[in-house]
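Data first, discussion second: the structure below is written as structure tokens.
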Amino acid sequence: MNRKSELKCIDVARAALGEPTKPTGQRPEVNEAWFLCNQHQDEHASLKVNTLKNAWMDGPCNASGNAWELAGFLQGKGYQWESYSEADRKGISEWLRAHKLLGELPEKVNRARPRKVVAYPVLREFIYRHWDTGEGVAKRVRFGAPEKQNRFAWFHSEKIAGGGGEWKPGYANINSLPLYLGAPAPKDEATFLCYAARFEEATEIYLTEGEHDADAGAEIGLAAVTGGGTSSLEILRRNAQWFRDRNVVILAHADAAGLRFAEQAAVLLDSAATSIRIVKLAECWPMPVKDLADVVEGMSAGGYSAETIHEALHVARDRAPAWKAATGSEALDAVYNYIRRFTKVSEGQARACTLWVAAAFVYQKWDFTSYLHIYSAERGEGKSTLVNVLAALLGGLNVLIRPSLAALFTDLDENPGVPQLLDEIDKMFCGKREYDAPILAYLTAGFQRGRKVPRVQLGKASRRNEQFETFCPKVLAGRYEQTLDDPTRDRCIPIRMEMAVWADRVKRWVFKFHLSEGQEIGAKLQVWCQSIAEEAVKIDVWATTEVGQRVIDIWEPLLTIAELTGEDWLEHAKASILDLHTGPRGQHDSRGMKLLKAILTVKDSRPDSEGIFSSELATALPGINEEWREYGKGQKPVSATQIARILAPYEIKPARITIDRQQDRGYLWSQFADAWSRYTPNQDTLRHFNKKEVSYDKSLFNEADTKIKDTKTDDSVPHAMTQAKTTAKWFRLSELR
């Protein structure tokens, strides 16, 4: 006799179907047993039981599960345990006992305290009704559960289309529901039909985020509806015809999700409604409120009548400006001004941060994402302020302060698809490879989609290897540029902060005053970015001859968004790339690349020579910069042997050459031609991306200067940084393929 905890799929299948048989044309595996299924006309064995995993599946019926679900499936009750009623579960237990497959556990076996089952009280039931008949199609039940537990549950009618049947738990096709009409309690059919008639006659509709708010609005005489909350915008799209030729007032919650819901709903209803206004409830009342239900309950408790509340809402409605969809340029300009108002950053840095925020909203559309590396030489130069500003624009995300590796993985697991903002990253590293390498691997892998970090998960009696994907946009803020290793810095957009002085007129960012403003600006940008997401993946990215392929990978999402914005944003983005990655801000060259550039400088000083002796090169390099005067641990001038060792990976080796009838070991300039064209690109040398000798048509390239206009951002920024003209050859990558 099997006890309940030891119920086996193979025993259940044998009890119901007899002995297993051989599938036609196949040889069963050692741990597999095949049976003829009794739930369809099975000519060949299709029900497979895996005795090792104690699981089963039936392909024609598209069913699988554990032993208990197999017993229910073979009795015609379905295969999902959650869908069984209490009577179904009782019948399955009786069937198992009748076949001597189920016995009771001895009392002394389980000495653990019995788990207490808590039945949370039902607070409200919200019934979605058919427009014509008034019959209930679905209902959403709100329980009095603690905050971190699920407070809502869906139920559906057996008669899905017309409603009116028995309530069954669950409802998968939520987006097909009708709008929820707020109606004063009690929620009987007569009240609903009466209020539905009032709704059809109304010229002004109040759209709320949830059902409770719609009911509260109905209690004070508003024609209030909801589409089921922030996650069910498709309900609004399907029912947009009910808003045609009417004035719509959207009542927005104060949090980021509420503001985003208001913007998204306005976009959906823009083509149908006569006018749209967004009222932020938290800014209209003297008491702290979250939603319309708080307004009605709080003011009713204060002795205000429904007419007074109704009139106050009308005043707030009239003060709210008429909504119109923000263009891409308007949304990006608002973010740009918000960033520059509170931080001391250059124009190129502010443009990069603005485009990074936009790309972070739709980063799943690209194979690469971009990191922002915010660093400074000293404390108090605005790194954390910039992180807070970016967090506000992204919806008020939590900033991770000196997180451990386990905390990073947990945050990704609990908040999938959300950018990570890491502050004080210089405190995350201790200088020991065994501790720093896992965090650097986490950051390096998160730059490209599909790259995963393996980690060993320890269980009670076993361990297993799991692959974690860390792909998402990240902000890395901390002191010192050298905190990150070269591979991680190569994946970042460098943002070097400077100490703000009084003349910079940088305002202080205060959480309680400026968070909601940033959330509202970010919500408008997010809605616009989502509207162009499908078009963005079809655009071929711009590239330049002055930066490498890795920089183009970083900037691909940003350049795409800049081009879709139009106007001057693409030119601003191009100038930002050159400012941050080619000038003094973007110097992250390896030692070999620095040597190649130094040797190129030496060559330019000897235009008539065909090469240079090694001894002369070792003498000339210390005059280029300090790095070659105090080279290595000994802090001595670089030697000819050290130069040869650095150049060896580039296949540049010294040989005996003749210059002006003198012979010695040295280098011909022709030996450097290929390395210079690849690793020191400039406006006259073109990088070979596929490492093949290809002659490119230079007419493909845009020879025009990239000009940055000296524009004024807002009253808080006295002047914008004027960048020098740069001549760069820009082209699309497809032109080189």
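The values are calculated or read from the model by the stated rules, or taken from the named source; none is laboratory data. Since this is a predicted model, take the numbers as computed values, not measurements. Every residue, glycine as well, gets a Cβ built from its backbone with ideal geometry; the counts of neighbours run over all protein chains shown.
Only a single criterion out of (1) more than 30 Å from Leu570 (Cβ to Cβ); (2) among the acidic types (Asp, Glu); (3) in the same structural domain as Thr354 (by TED's automatic domain parsing) is not satisfied by Asp333, namely (1). In the range 505-530, the qualifying residues are those that are in a helix (DSSP H, G or I) and without any contact (Cβ under 8 Å) to a residue 40 or more places away in the chain, and the one that is surrounded by the most Cβ atoms within 10 Å (Cβ to Cβ) is Phe513.
Looking at the range 579-648, the helices (runs of 4 or more DSSP H) lying wholly inside it that each contain 1 or more residues that are within 48 Å of the chain's Cα centre (by Cα) sit at 591-604, 626-629, 640-647.
Here Gly164 passes the criteria (1) surrounded by 14 or more Cβ atoms within 10 Å (Cβ to Cβ); (2) at pLDDT 75 or above except the one numbered (2).
Of all residue pairs spaced 6 or more apart or on separate chains, those with beta-carbon atoms under 7 Å, a first member in the range 286-308 that is closer than 16 Å to Ala214 by Cβ and among the charged types (D, E, K, R) and a second member that is assigned to a helix (DSSP H, G or I) and modelled with pLDDT of 80 or more are Asp291/Asp213; Asp291/Leu281. Of the set (1) in contact with a Pro (Cβ under 8 Å, 6 or more places away or on another chain); (2) at pLDDT below 85, all apply to Arg277 but (2).
I need a count of the residues in the range 593-609 that are modelled with pLDDT under 85 and touching a helix residue (DSSP H, G or I) at 6+ places or on another chain (Cβ under 6 Å). Total satisfying the criteria: 1. Every listed requirement among (1) over 18 Å from Gly229 (Cβ atoms); (2) buried (at least 20 other Cβ atoms within 10 Å of the Cβ); (3) within 28 Å of the chain's Cα centre (by Cα) is met by Asp270 save one, (2).
Within the range 553-567, is even one residue hydrophobic (A, V, I, L, M, F, W, C), surrounded by fewer than 20 Cβ atoms within 10 Å (Cβ to Cβ) and not assigned by TED's automatic domain parsing to the domain that holds Val357? Scanning the range 553-567, I find no residue that is hydrophobic (A, V, I, L, M, F, W, C), surrounded by fewer than 20 Cβ atoms within 10 Å (Cβ to Cβ) and not assigned by TED's automatic domain parsing to the domain that holds Val357, so the answer is no. In the range 58-83, the residue that is farthest from the chain's Cα centre (by Cα) out of those that are acidic (Asp, Glu) and farther than 15 Å from Asp11 by Cα is Asp58. Report yes if some residue within the range 599-606 is more than 18 Å from Thr680 (Cα to Cα), without any contact (Cβ under 8 Å) to a residue 40 or more places away in the chain and out of contact with any Ser or Thr (no Cβ under 7 Å at 6 or more places or on another chain); otherwise report no. Yes, the range 599-606 has at least one match.
Conditions (1) under 20 Å from the mean Cα position of the chain (by Cα); (2) more than 22 Å from Asp423 (Cβ to Cβ); (3) at pLDDT 85 or above; (4) in a helix (DSSP H, G or I), marked per residue:
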{"position": "Pro494", "(1), (2), (3), (4)": "no, no, yes, no"}
{"position": "Ala500", "(1), (2), (3), (4)": "no, no, no, no"}
{"position": "Ala503", "(1), (2), (3), (4)": "no, yes, no, yes"}
{"position": "Ile554", "(1), (2), (3), (4)": "yes, no, yes, yes"}
{"position": "Glu567", "(1), (2), (3), (4)": "no, yes, no, no"}
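Just checking, does the range 455-475 include any residue being in a helix (DSSP H, G or I) and either within 26 Å of His581 (Cα to Cα) or at pLDDT 85 or above (or both)? No, every residue in the range 455-475 fails to be in a helix (DSSP H, G or I) and either within 26 Å of His581 (Cα to Cα) or at pLDDT 85 or above (or both). Condition check for Trp242 on (1) assigned to a helix (DSSP H, G or I); (2) more than 24 Å from His310 (Cα to Cα): one failure, at (2). Residues in the range 542-552 that are outside any helix (DSSP H, G or I) and closer than 20 Å to Thr680 by Cβ: Ala543, Thr544, Thr545, Glu546, Val547, Gly548. The criterion of being surrounded by 23 or more Cβ atoms within 10 Å (Cβ to Cβ) and in contact (Cβ under 8 Å) with a residue 24 or more places away in the chain holds for Ala224.
If the condition is being modelled with pLDDT of 80 or more and either in a loop (DSSP other than H, G, I, E, B) or not assigned by TED's automatic domain parsing to the domain that holds Cys9 (or both), then the range 62-77 contributes Asn66, Gln75, Gly76, Lys77.
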